Amino acid sequence: MQIAIWSAVGLICVLGAAVASRRGDSSKAAVRAAPKVPVVTATAKTGDIGVYLDAIGTVTPEHTASISSEVTGLVTAVHYTEGQLVKKGDPLVDIDARPYRATLLQAQGALERDLNLLAQARMDEERYRNAWESNSIAKQVLDDQEKLVLQDQGVVKNDSGTVQFDQVQVAFCHITAPIDGRVGLRLIDPGNLVQASGTSTLAVITQLNPITVIFTIPEDNLLDVQPRLRTGASLSVDAYDRTAQRKISTGKLLTLDNQINTTTGTVQGRAIFDNTNELLFPNQFVNTRLLVNTLHAVTLVPASAIQQNGQTSFVYVIQTNVAHMRTVTSGVTNAGLTEVKGVEPGEVVANSSFDKLQDNAPVFVATKSPTGDTTRSVAP
């Protein structure tokens, strides 16, 4: 009886060992049969990267002149055409000047008359002085004549002011461009009546070259920008289109405003652009990128190679066809590249297939990514 029991126990042990052996073999086979993940790789490089501040800006001309009439009269000629580029002093509008020339002529006549009266009074003053010196007249007569000369001098001065005023009125009838720029659409035609200091605008001239862009800078970044401005550093500013994909022009930061907007916590900055190609247009909205600093000799990897796990950033470093997860500290990102710490220059990192990658997963370098993009190493 005991022999039968021990025989049964031995048989069970043998069967259990056989089953365990088969399971172990199948597990090892599964590991050996695990498929390799195709990945596109990029090589970490040493290079320079810019520290930028991005903001939305508005193109603002340095000078804009809205021209109105200083005199009342009929428009006799309009010399500009719509969209014309004008120089300072170019004729724009003529207003009928005949009434003002007539008034000027009257003032000039009054001045001429009073100048002769003043000359006559001075001649009499000289005669009275000679007569007084010979005791022929009383001193009172000479004193009265001296005061009369002073009165005539005041009249002449008043006439001179009237003549100058009328000359200015005549000059106002010929309106010229006060600045260089482009004229807008026509706002007045010959035969129209304009009023002195009225609300009607005769022309609008906008300076296009150079031109400025006004944008905002967060107050937290003033400590990065202001010290460099004080040292006279030239801070580059790039202007991009509304989609922030196409760069329109490159200029430099001109100045900052003198106070912070307490509502938004920002300060306005003005950048100036040559705009020789006139691609920047007044009141246009643009995306600006202010280059605050440049980091030199840092390690750069593609921004797409960096993955997030909560607050932790990591990359997959490829070594001997195996992906090793490594935690990194990411910094500045620009033009698709990110500054990282934790990866050495020359190391190869995965740049695709993140949904299939795990730590210590076998990989092979694909010639194309799963989306069909050709593999290439990233240079700074």
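Taken across the stretch 297-305, residues that are touching an Asp or Glu at 6+ places or on another chain (Cβ under 9 Å) and farther than 30 Å from N360 by Cβ do occur, with at least one present.
Of the candidates V155, V183, the single residue that is within 18 Å of A110 (Cα to Cα) and of a type in the set (A, V, I, L, M) is V155. Taken over the stretch 66-76, the criterion of being within 32 Å of the chain's Cα centre (by Cα), hydroxyl-bearing (S, T, Y) and surrounded by 14 or more Cβ atoms within 10 Å (Cβ to Cβ) is satisfied by S68 alone. When the residues of the stretch 178-197 are filtered to those that are in a strand (DSSP E or B) and over 28 Å from the mean Cα position of the chain (by Cα), which remaining residue is nearest to G57 (Cα to Cα)? By that ranking, first place goes to V194. Using the structure shown, decide if D180 is acidic (D, E), touching a Ser or Thr at 6+ places or on another chain (Cβ under 6 Å), buried (at least 16 other Cβ atoms within 10 Å of the Cβ) and not assigned by TED's automatic domain parsing to the domain that holds N287. So D180 fails the test. All conditions but one from (1) at pLDDT below 95; (2) of a type in the set (A, V, I, L, M, F, W, C); (3) touching a helix residue (DSSP H, G or I) at 6+ places or on another chain (Cβ under 8 Å) apply to L185; the one that does not is (3). Among the residues of the stretch 241-252, those that are in contact with an Asp or Glu (Cβ under 9 Å, 6 or more places away or on another chain) and either among the hydroxyl-bearing types (S, T, Y) or more than 17 Å from T216 (Cα to Cα) (or both) comprise K247, I248, S249, T250. Annotation note: of V332, V328, V340, the sole residue that is in a strand (DSSP E or B), assigned by TED's automatic domain parsing to the domain that holds V301 and closer than 27 Å to K36 by Cα is V328. Evaluated against (1) at pLDDT 90 or above; (2) surrounded by fewer than 19 Cβ atoms within 10 Å (Cβ to Cβ); (3) of a type in the set (V, I, T), T266 falls short on exactly one condition, (2). M325 falls short on exactly one of the conditions (1) of a type in the set (A, V, I, L, M, F, W, C); (2) within 35 Å of the chain's Cα centre (by Cα); (3) surrounded by fewer than 18 Cβ atoms within 10 Å (Cβ to Cβ), and that condition is (2). Going by the conditions given, is V225 in contact with a strand residue (DSSP E or B) (Cβ under 7 Å, 6 or more places away or on another chain), in a helix (DSSP H, G or I), modelled with pLDDT of 90 or more and not hydroxyl-bearing (S, T, Y)? Yes; evaluated as a whole, the condition is true for this residue.
One residue stands out among those in the stretch 77-111 that are out of contact with any Ser or Thr (no Cβ under 7 Å at 6 or more places or on another chain) and β-branched (V, I, T): the one that is surrounded by the fewest Cβ atoms within 10 Å (Cβ to Cβ), which is T81. Of all the numbered requirements in (1) without any contact (Cβ under 8 Å) to a residue 40 or more places away in the chain; (2) within 30 Å of H79 (Cβ to Cβ), V163 misses one, and that requirement is (1).
Taken over the stretch 198-216, the criterion of being outside any strand (DSSP E or B), in contact with a Ser or Thr (Cβ under 7 Å, 6 or more places away or on another chain) and within 24 Å of G73 (Cα to Cα) is satisfied by G198, S200, T201, L202. Look at (1) within 30 Å of P190 (Cα to Cα); (2) without any contact (Cβ under 8 Å) to a residue 12 or more places away in the chain and you find that A119 fails only one, number (1).
For Y100, are the conditions met, namely being modelled with pLDDT of 95 or more and aromatic (F, W, Y)? Yes; evaluated as a whole, the condition is true for this residue.
The values are calculated or read from the model by the stated rules, or taken from the named source; none is laboratory data. All of these numbers come straight from a predicted model, not from anything done at the bench. Cβ atoms come from the backbone with ideal geometry, glycine included; neighbour counts cover every protein chain shown.
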